[in-house]
1. Name the single residue, out of those in region 468-502 being closer than 18 Å to Phe401 by Cβ and assigned to a loop (DSSP other than H, G, I, E, B), that is most open to solvent (accessible area, probe 1.4 Å).
2. Could you check Asn465 against (1) of a type outside the set (A, V, I, L, M); (2) open to solvent by 10 Å² or more (accessible area, probe 1.4 Å); (3) modelled with pLDDT of 95 or more; (4) closer than 16 Å to Phe401 by Cα and say which number it fails?
3. For region 429-467, give me the residue count where each residue is of a type outside the set (D, E, K, R), within 30 Å of the chain's Cα centre (by Cα) and part of a loop (DSSP other than H, G, I, E, B).
4. What single numbered condition from (1) more than 8 Å from the ligand (Cβ to nearest atom); (2) within 36 Å of the chain's Cα centre (by Cα) fails to hold for Ser352?
5. Go over the candidates Ser274, Ser267 one by one and state the one that is of a type outside the set (Asp, Glu), open to solvent by 30 Å² or more (accessible area, probe 1.4 Å) and within 12 Å of Gly152 (Cα to Cα).
6. State all residues of region 298-340 that are within 16 Å of the ligand (Cβ to nearest atom), open to solvent by less than 20 Å² (accessible area, probe 1.4 Å) and not in a helix (DSSP H, G or I); if no residue qualifies, say none.
7. When you go through Tyr57, Tyr106, Tyr131, Tyr62 one by one, which is the residue that is surrounded by 12 or more Cβ atoms within 10 Å (Cβ to Cβ) and free of Cβ contacts under 8 Å to residues at least 40 places away in the same chain?
8. Could you check Gln359 against (1) touching a strand residue (DSSP E or B) at 6+ places or on another chain (Cβ under 6 Å); (2) within 11 Å of the ligand (Cβ to nearest atom); (3) closer than 16 Å to Val497 by Cα and say which number it fails?
Amino acid sequence: MAVIMIVVVVIYILRLFSLQILEDKYKKGAASNAFLNKTIYPPRGLLYDRNDSLLVYNKPAYDIAFINREIRNLDTLSFCNDLKITKEYFIERMKEVKNRDKNPSYSSLTPQVFMTQLEIKDVAAVQQSMYKYSGFYIQTRTLREYRYAAGGHVLGSIGEITPRMLENDEEGYYDPGDYVGRDGFEFTYEKDLKGEKGVEVLLRDARGRIKGKYEEGRKDIAPKAGKNIKMTLDIKLQILGEQLLAGKVGSVVAIEPNTGEILAMVSNPTFDPSLLVGRERSKNYSLLVNDPTKPLMNRATQAQYSPGSSFKPFQALVALKQGAINEGTRFSCNGPGSSPIRCTHHHGSPVSLLNAIEQSCNPYFWHTFESTLVKGGYGKDNQNFRKNYDEWRINIMKFGFGARFEDSDIYQQSRGNIPSENYFDKVYKSKTGWRALTIRSLSIGQGEVLVTPLQLANATSVIANRGFFITPHLNKSDSMLLHKHDVGVDKRHFQVVDEGMWRVNEFGTARSYKVPGINWCGKTGTVQNNRGKDHAFYMGYAPRENPKIAIAVVVENAGFGSTFAAPIASLMVEQYLTGKVVRTDLLTKTMNVRTNANVKEY
Ligand SMILES: [Zn+2]
């Protein structure tokens with residue numbers, strides 16, 4: 001008797017436990033027997049540029065959904081005709097939706113998405129005869145619309161949620177078929193832009209058919225619209241940048257130095273963002289993804305280049321900080337006959353730091369780098385040299401090189417590279433196997449040094465600001481993003497660099513691209529690479545007093561930085577500071593330069 005009693009009690013407890021555990025699920029199931037909770041989708045937040053120009057807004061889109069239990073006597077053929085789909089597609093798609101492996105939340109009682117992201121023209125026919133197709137209904141949604149065919153990489157796109165994103169959705173907010181920010185700004189700010197879904201509670205009768213609103217809609221929850229966001233972009237500048245890069249492979253990044261606000265972020269080849277909207281999305285996506293010129297890649301943040309001569313101003317500042325040189329230090333230069341690094345120019349010798357920046361003297365920067373690394377000698381087992389190298393690396397990285405801006409809202413950044421001691425230890429097989437001479441190409445921004453155009457523009461803003469940068473960012477509404485990073489270089493050291501870069505634009509390699517009425521500073525770069533012609537670089541800021549724009553330009557396989565990158569920067573500066581471009585000849589000429597025959601326009 002006692003044993004039987006115990007067994008009964010145990011069974012009872014187990015049953016109670018399982019009921020408790022399953023209660024939530026049970027409740028849900030029971031609820032959907034009597035009620036139908038129909039989702040009402042909120043409008044997504046709108047995007048504006050820094051001057052309140054509307055960039056991205058919503059247009060209506062429609063999903064065809066069904067509740068399997070409510071499908072009665074469907075005239076499949078007529079339904080397919082109205083939707084302009086084949087009967088095979090219909091059968092295949094129904095199978096797919098009902099397959100619990102692919103769609104684990106499938107239930108015959110809840111709404112299931114049959115087709116998504118349709119436009120009004122696609123649903124017009126079916127809408128009129130919807131009453132015939134009991135069990136099917138049209139769900140209103142919104143898709144993105146773009147006022148300008150520009151900024152595709154920065155803005156990003158929305159698309160149907162992926163199974164992986166659904167799995168990672170811890171709050172359980174999303175349902176299969178929902179649209180989410182898939183990349184770019186739309187992805188970063190998904191939480192703010194999405195809004196909150198609402199619910200319409202409908203009542204069913206005993207046979208499961210919908211009878212109407214429950215309690216006259218008193219239990220309904222209204223959807224909450226997504227937040228509108230003002231971006232830091234200046235759309236006019238962005239559009240000009242895209243026009244200037246037409247027919248070329250490269251990028252332009254412009255930043256407001258004292259706020260870190262990205263004014264323009266251009267990557268070419270590019271695409272019209274409206275190509276990635278709605279049902280055409282996946283077709284267009286595969287077209288873009290298969291183009292060998294990689295139009296989907298945002299080169300401004302993802303491409304990594306050796307910066308060449310545009311690295312020299314930063315080398316100078318770090319050497320001044322580490323006390324390896326001072327403003328009066330001179331080194332000799334034998335022009336193209338110099339060793340171990342040739343000079344690409346003929347100029348007087350010995351050369352001062354000021355003239356070395358203006359003339360982009362390679363030997364000067366080699367001597368500067370060597371002085372930085374061997375200050376105090378190599379030491380036992382190169383220990384002092386290694387300490388100096390490490391200090392140099394830390395100081396260079398303070399300009400934002402060699403790492404992502406982790407406190408930024410900019411999507412998909414590459415790290416670039418400022419090689420560590422460990423890296424060279426591995427390459428040269430020991431801690432003493434490499435010396436200043438071994439890594440000399442770093443002195444002129446070549447070798448292992450890699451930067452992204454975003455990093456170069458940001459570091460340029462450090463010079464413009466005389467010693468700090470604010471984390472580059474894209475959301476103007478969010479003051480949380482204003483992180484200040486001091487590079488720890490004394491203000492007075494910037495004077496010689498500023499003067500040298502002013503001379504480049506006034507008398508030097510970029511003198512042909514003066515901006516009318518504006519004093520500004522810059523540096524060109526021409527960087528060898530093993531695939532075709534040199535990459536053209538330019539970095540600069542304007543106006544010289546109280547700079548409002550810092551800019552970096554890269555044109556791949558174009559040739560001289562002074563010929564191909566400087567005019568682009570100059571026109572961008574003119575547009576931003578004066579609101580227009582008066583040098584229309586230069587504008588037309590620059591826009592029409594084609595440096596890559598494979599670049600297509602999408
Ligand atoms: Zn020289």
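1. Here the answer is His483.
2. Against the list (1) of a type outside the set (A, V, I, L, M); (2) open to solvent by 10 Å² or more (accessible area, probe 1.4 Å); (3) modelled with pLDDT of 95 or more; (4) closer than 16 Å to Phe401 by Cα, Asn465 comes up short only on (4).
3. 7
4. Of the numbered conditions (1) more than 8 Å from the ligand (Cβ to nearest atom); (2) within 36 Å of the chain's Cα centre (by Cα), the odd one out for Ser352 is (2).
5. Result of the check over Ser274, Ser267: Ser274.
6. The answer is Ile325, Cys333, Ser338.
7. Tyr106
8. Single failed check for Gln359: (1).
The values are calculated or read from the model by the stated rules, or taken from the named source; none is laboratory data. This is a predicted model, so every value here is computed, not measured. Using ideal geometry, Cβ is built from the backbone for each residue, glycine included, and neighbour counts are taken over all protein chains shown. Note: areas computed on protein heavy atoms with side chains; ligands, DNA, RNA excluded. Shrake-Rupley method; radii C 1.70, N 1.55, O 1.52, S 1.80 Å.
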